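Below are the structure tokens for one structure; questions will follow.
The values are calculated or read from the model by the stated rules, or taken from the named source; none is laboratory data. Remember, it's a predicted structure, so these values are computed and weren't measured experimentally. When we count neighbours, we look across all protein chains shown, and the Cβ atoms used for this are built from the backbone with ideal geometry, even at glycine. Quick note on the areas: whole protein, heavy atoms, side chains included, nothing else; ligands and nucleic acids left out. Shrake-Rupley method; radii C 1.70, N 1.55, O 1.52, S 1.80 Å.
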Amino acid sequence: MLKEILLKNRTSIIKGKGLGSLYNRPLQPDWLNCTLHKRLQSTRSISRDSPEGIVSKSHLKEPDQSIPTNAAVKQAAKLNPLAHSKYESKQYQLPKWKEALGEFVISKFNLDMDKIRAGPVAGSYFYNICKEQGLQFEDEPLSNSAKFFYEDLNLPRTFSQWFQITILHEWMLFVRMRAMPFKYGRNYQQKLVDRTFADIELRLFEEMKVNSGRIVDQYLKDFNSQLRGAVFAYDEGFFTDDATLATALWRNLFAGRKDIDMVHLEAMVRYVRSQLYVLNQLSDREFATGKFKFVPINETVEILTSNEEAVMKEKVIQHYENLDKNPNILPSERSKLSYTN
């Protein structure tokens, strides 16, 4: 179903450069040297057909003075905004004895790693890559993606707007999760949603300085309603056509702004379709193990030919077949999910 819908809307997907580096495939040396990877390698220059390039063509250059440009969010002292837990820090290394104990328990009790892996992948990695797209703090420089949303699209630098940017990216992951076997896809979605609201609650207390638990609960209920409404609207747009998707983006991401620039909507529709196309190229096993990252806003995606898709899938299949045959594979690296779809 996912592929059929994407093919129906393939005119919305950008053609240009950059697919090979859009997600971290477990590449083999021969794959690194193949013609397809060289042709699809990304570029740091701004493509004129990328979302960032399209927005630069807008004729509405004057920013709306009614939109706040200063972030109301202050970063909590001594906290890494993307890793409140030491276990999520990039510098953290699990002690060898804990790692060995974990591998023994997994092997001894024959634990389902595809179910367990949902926590660190969906609840940590996927949430962080969604969260950082629009992450912004007062008096701190913006990332490239945040500059696109707050400066190029002229969106307000507010906590509520950050939430809308985050749930847009989470919805795109939801679409791919629903294509997984039901019990695993549902688990991944639940872990992502649970982590989202746990982090929002923490940020409301620590960064927004909300001291009332009752007010925080009210905010969480409101954000939950926004999430449900946005997912329903984006689903309708994804299943129907670009006009419906643009309407959903206008109502949610742009908050129904009356002076909306149609060029901005076009850029966002192409951005969403591009991300979904890349997600569609991933097998269940690749996606479930976190071999994905969002397409940068200054890059475009080219639709692969049938032959190119076959070559890419053959490389992936060969990699995982060799991995599964490896007698030294760790129990935590095993998976029952398909790598051929």
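Output the residues belonging to the range 243-262 that are more than 16 Å from residue 162 (Cβ to Cβ) and at pLDDT below 95.
Listed by number, the residues that qualify are 256, 257, 258, 259, 260, 261, 262.
Yes or no: residue 224 farther than 20 Å from residue 133 by Cα and not hydrophobic (A, V, I, L, M, F, W, C)?
No, not satisfied.
Any chance the range 190-202 includes a residue that's closer than 19 Å to residue 89 by Cα, in contact (Cβ under 8 Å) with a residue 12 or more places away in the chain and among the acidic types (Asp, Glu)?
Yes, that holds for at least one residue.
Here is a yes/no grid of residues against (1) closer than 28 Å to residue 156 by Cβ; (2) open to solvent by 10 Å² or more (accessible area, probe 1.4 Å); (3) assigned to a loop (DSSP other than H, G, I, E, B):
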| residue | (1), (2), (3) |
| --- | --- |
| 246 | yes, yes, no |
| 251 | yes, yes, no |
| 267 | yes, no, no |
| 273 | yes, no, no |
| 299 | yes, yes, yes |
| 303 | no, yes, yes |
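Against the definition (crowded, with 20+ Cβ neighbours inside 10 Å, within 19 Å of the chain's Cα centre (by Cα) and either more than 19 Å from residue 188 (Cα to Cα) or not hydroxyl-bearing (Ser, Thr, Tyr) (or both)), how does residue 233 come out, yes or no?
No: the conditions fail for residue 233.
So, one more: Based on this model, can you work out whether residue 181 counts as over 16 Å from the mean Cα position of the chain (by Cα), under 30 Å from residue 331 (Cβ atoms) and open to solvent by 10 Å² or more (accessible area, probe 1.4 Å)?
Yes.
What pairs come out if I take residues in the range 261-284 that are without any contact (Cβ under 8 Å) to a residue 60 or more places away in the chain and pair them with residues that are open to solvent by 10 Å² or more (accessible area, probe 1.4 Å) and of a type outside the set (A, V, I, L, M, F, W, C) whose C-beta lies under 7 Å away, six or more apart or interchain?
283/338; 283/339; 283/340; 283/341
Now for a different question. Given the residues 152, 114, 139, which is the only one that is acidic (Asp, Glu), open to solvent by 20 Å² or more (accessible area, probe 1.4 Å) and touching a Lys or Arg at 6+ places or on another chain (Cβ under 9 Å)?
139
Could you count how many residues in the range 313-341 are closer than 19 Å to residue 180 by Cβ and either in a loop (DSSP other than H, G, I, E, B) or of a type in the set (Phe, Trp, Tyr) (or both)?
Counting residues in the range 313-341 that are closer than 19 Å to residue 180 by Cβ and either in a loop (DSSP other than H, G, I, E, B) or of a type in the set (Phe, Trp, Tyr) (or both) gives 9.
To continue, here is another question. Do we have residue 192 as assigned to a helix (DSSP H, G or I), modelled with pLDDT of 95 or more and open to solvent by less than 50 Å² (accessible area, probe 1.4 Å) here?
So residue 192 passes the test.
I'd like the full set of residues that are in a loop (DSSP other than H, G, I, E, B) and farther than 12 Å from residue 170 by Cβ, limited to the range 107-133.
109, 110, 111, 112, 117, 132
Would you check if there is a residue in the range 317-333 being surrounded by 14 or more Cβ atoms within 10 Å (Cβ to Cβ) and within 30 Å of residue 52 (Cβ to Cβ)?
no
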